[in-house]
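Written out below as structure tokens is the structure these notes cover.
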Amino acid sequence: MDVTAIAQFLTVIFLFIVILVLTYFTTRFIAGYQKNHSVNTNIESVEVMRLSPSQYVQIIRIGSKYVAIAVSKDSIEKLCELSSEDVEVAAQDFSSGNSFQNIMDKIKQGWQQK
């Protein structure tokens, strides 16, 4: 093998690893920023139901009130206000085991089994 071919190959591998590391830390930074930015807000999308590719019905919480809205490509219309007893808010569990680290561990285990 030629020395320059080996050097080019090692350079490509090194750049690939650098890009993976930068992607990992960028993703973690953006996720942390968005998580901190959306905490303690007065507006929250509770549930979304898709009616067609460009039409949705959403239940949103604004302050302590719940509102049903229709969202289309060109407009947003208020359908009705809902009482808090009418809305069932499901608790969101973000620790469902689908973190980046868990996914990477599963991939590593798959590679080790081969």
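Table for the structure above
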| read-out | value |
| --- | --- |
| Nearest-ten-degree value, helix 100-113 long axis tilted from longest Cα axis of the chain | 40 |
| Listed candidates (i) 2, 11, 20, 21, 19, 13, 8, 4, 1; (ii) 2, 13, 24, 26, 21, 11, 3, 0; (iii) 2, 8, 10, 13, 12, 12, 10, 9, 7, 6, 4, 3, 2, 1, 0 - label of the one calculated as P(r) over Cα pairs in 5 Å bins from 0, in percent | (iii) |
| Rg to Rh quotient for the range 1-40, alpha carbon positions, Kirkwood Rh | 1.42 |
| MRE, 222 nm, helices only [DSSP H, n ≥ 4, -39500 (n - 2.57), over the chain, to nearest 500] | -15500 deg cm²/dmol |
| C-alpha long axis of helix 3-38 to longest principal axis of the chain, angle in ° | 20 |
| Under 13 Å, Cβ to Cβ, from ILE43 - net charge with Lys/Arg +1 and Asp/Glu -1 | +1 |
| Within a Gaussian network of the chain (alpha carbon springs, distance under 10 Å), most fluctuating of SER72, SER83, SER52 | SER52 |
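Computed from the coordinates by the stated procedures, all read-outs in this text should not be read as laboratory data. All figures in this text were calculated on a predicted structure; none of them were measured in a lab. Quick reminder, even Gly has a Cβ in these numbers, built from the backbone with ideal geometry, and neighbours come from all protein chains shown.
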